[in-house]
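For reference, the structure is listed below as C-alpha cells.
The values are calculated or read from the model by the stated rules, or taken from the named source; none is laboratory data. Keep in mind it's a predicted model, so treat the numbers as computed, not measured. Positions of Cβ are backbone-derived with ideal geometry, glycine not excepted, and every protein chain shown enters the neighbour counts. Side chains included, ligands, DNA and RNA excluded: accessible areas come from the protein's heavy atoms. Shrake-Rupley method; radii C 1.70, N 1.55, O 1.52, S 1.80 Å.
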Amino acid sequence: MARNAVRLLVAPDSFKGSLTADEAARAMAEGARRACPSAHVTLLPVADGGEGTLDAIAASTGARAVWVEVTSSGGHRKKAYFLALPDGTAVIECAQAVGLPEAMASGQDVWHRATWGVGEMIRHALDLGHRRIAVTLGGSGTNDAGLGMLSALGVQLVDDAGEPVPPVPAAMHRIARADVAGLDARLRGVELLAVCDVENPLCGPQGATRVFGPQKGVDAADVERLDGEIARVAEICERAMGRLAASLAGAGAAGGLGFALYLLGARRLSGIDFVLDATQFDEHVRSADLVLTGEGRTDEQTAYGKAVAGVARRAQSHGVPVFCISGSIGPGAEALYDQGVTALFSITPGPMDLGEALANAPLLLRSAVENAMRAWRAGREGWVRSNE
C-alpha cells in the first residue's frame, strides 16, 4: 500500500428508487478512487432490517441463499429465500413471504391475509438444523398478530365447539382457545431474534392496527373493531403460551408479527445493529481512516434507528470520522452530528427534477464522493506535511 494511503470503509444504505445499497457502495468506491487512486477501499453495504436487508448481508458475508416454497399472505404458493450465514444463523425477511406490494396486488383484502409463509420459512430453517433464527420485521402486508406464523408452527386456533379457525383477521371473532400442544418442539433451545426498529405495542393508540393498519387496507371505520379483536385474541394466546408479550416494544411490528415471535421467546434487536454485527462492521472500522455512508434522503428521521445513524454511532465509538453523502439533506439532519457524522453532503449540485436525479444517481453519487474525498485528502496531506 502506498505511503499514507487512505483506508476507506464504504457502508451506505440503499438510495430508494434508484440504487441498491450494493450499487451505491460501488458508485461511492469509484468516486473515492478517482480522488485517492491508492486508497484501500472496503465495501460493506448496509440496511436497517427492512427491504434490502438480505441483499446487504449477502454482499458482505458470503451467506448462502436458501430458496423454499411458502404460502404468500394471500394464500398462494410462491418461491422465497432466506440466508444461511457462515455462523449458522438463518436470516428470514418477513417481506419475502408476506411483503406489502405483493399483498396489495394480490386482490386479497387484509382481512384474509396471514403470516403463514413466515412460519413455513422458520420450519425450513429448523429442517436444516439452524439453532439461531433472525426474522426481520419490515414491509409486511399483514395485520394478523402473527397468528398465521403460529399456526404454521403447530399452534391450533379453535372456536367454542373445538373446531379449527383460520388464522386470518376475518375469523378472529370466532377464536375461543389456542391449543399449543402441537407447537414444533424443535423451537425449544433455538435462539429467536425479532429484528426491528419500531417500538409500537400490539394494540392501543400506538398499536399495529391503528398506526400501520390503514396503509395495508384496514378501513378507518374498522380499525377500532379489529384492534379490539386482536387484543382479545392476544390474551388467549398469552395464556396458552405462558408469556405476556402484547405490551412489549416492537410487538406491533409487521402487523403484530413481533408479538407472535415474543410469544415464542424471541428477543428484540435493532435492525441496523443486527446487520452491522452480521457483517462484522466493528472489525472493519477499527482499521479505517474514514467511513463513507449515505441514503436516499437524510433528515430528522434518520437519527431514529436508521442505517446511517447506526453506522455513524459505531464509527464514533472507534474514533473514526464519517462522511454522509445522500440523495438529499433535509431539515433535522444536523442531529446526526451528535451521533458521529462528521460532515453531510448532498449529491445534487443544484435544483434538479426528481426524475433526472434518480436517473443520474450513480453519476451524481460518484461525483459528490470524489469532491468530498479531494477536500478530505487535501486536508489530510496538509496535516501530514505539517507534522513531518
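Before rounding to the nearest 500, sum -39500 (n - 2.57) across all DSSP H runs of length at least 4 in the chain and divide by the residue total; then give [θ] at 222 nm in deg cm²/dmol. List each step's numbers first, then the result.
On the way: 14 runs with 144 residues, N = 388.
Calculated at 222 nm, the ellipticity per residue is -11000 deg cm²/dmol.
Based on alpha-carbon centroids, what's the gap between segment 164-237 and segment 252-298 in Å, whole number please?
Each part reduced to its Cα centre gives a spacing of 24 Å.
Of the listed peptides 272-281, 312-321, what is their order by residue-averaged count of other C-beta atoms within 10 Å, with the highest listed first?
Values: 272-281: 21.9, 312-321: 18.2.
Per-residue Cβ counts within 10 Å, averaged per peptide and sorted highest first, yield 272-281, 312-321.
Counting Lys and Arg as +1 and Asp and Glu as -1, what is the net charge of the other residues whose Cβ lies under 14 Å from the Cβ of residue 191?
Details: positive: 131, 132, 186, 188, 267, 268; negative: 87, 277.
Neighbourhood net charge equals +4.
For residue 299, what charge total do you get from the other residues with a beta carbon under 13 Å from its beta carbon, if Lys and Arg give +1 and Asp and Glu give -1?
Values: positive: 297, 306; negative: 295, 300, 334.
Surrounding charge for residue 299 is -1.
On the full set of protein chains, 1.4 Å probe, figure out the accessible area of residue 284 and give it in Å² to the nearest 10.
60
Using Cα pairs closer than 8 Å and at least 6 residues apart in sequence, work out the relative contact order for the chain, in percent. Spell out each step's value before the answer.
Numbers: 903 pairs, mean separation 71.1, N = 388.
Worked out over the chain, it gives 18 percent.
Taking 0.36 nm per intervening residue step and subtracting the Cα-Cα distance, what contour gain separates residue 199 from residue 79 on full extension?
Values: separation 120, 0.36 × 120 = 43.20 nm, distance 3.03 nm.
Difference between extended and current length: 40.2 nm.
How would you order 114-121, 261-268 from highest to lowest mean count of nearby Cβ atoms within 10 Å? Don't skip to the end; give the middle numbers.
Values: 114-121: 28.1, 261-268: 22.1.
Those peptides, ordered most packed to least, come out 114-121, 261-268.
At a Förster radius of 35 Å, what calculated FRET efficiency corresponds to the Cβ-Cβ distance of residue 267 and residue 170, to the nearest 0.05?
Values: r = 31 Å, r/R0 = 0.90.
According to the calculation, E is roughly 0.65.
Could you calculate the contour length gain from residue 159 to residue 236, that is, 0.36 nm times the residue separation minus the distance between their Cα atoms, to one decimal place in nm?
Values: separation 77, 0.36 × 77 = 27.72 nm, distance 1.17 nm.
Separation in residues times 0.36 nm, less the Cα-Cα distance, equals 26.5 nm.
So what's the angle, to the nearest 10 degrees on a 0 to 90 scale, between helix 307-317 and the longest Cα principal axis of the chain?
60
Roughly what angle does helix 223-241 make with the longest principal axis of the chain, taking Cα atoms, 0 to 90 degrees, to the nearest 10?
80
Just 90, 145, 240 to compare: in a GNM of the chain, with alpha carbon springs under 10 Å, which one fluctuates most?
240
Can you give me the Cα centroid spacing of segment 2-33 and segment 122-143 in angstrom?
Rounded to whole Å, the Cα centres lie 30 Å apart.
When the convex hull of the C-alpha atoms of segment 1-98 is computed, what volume per residue in Å³ does it have? Walk me through the numbers on the way to the answer.
On the way: hull volume 10.7 nm³, N = 98.
Value for segment 1-98: 110 Å³ per residue.
Take every Cα pair under 8 Å in segment 174-263 that's 6+ residues apart, average their separations, divide by the length, and report that relative contact order as a whole percent. Numbers along the way, then the final one.
Values: 118 pairs, mean separation 34.8, N = 90.
That works out to 39 percent.
Loop-only chymotrypsin sites (Phe, Trp or Tyr not before Pro) in segment 295-388, please: DSSP not H, G, I, E or B, and at most 14 other Cβ atoms within 10 Å.
304
Relative to the longest principal Cα axis of the chain, at what angle does helix 361-386 sit, 0 to 90 degrees, rounded to 10?
Once rounded, the angle reads 50 degrees.
Provide 198, 68 ordered by accessible surface of protein heavy atoms (probe 1.4 Å), highest first.
Values: 198 50, 68 10 Å².
The ranking, largest first, comes out as 198, 68.
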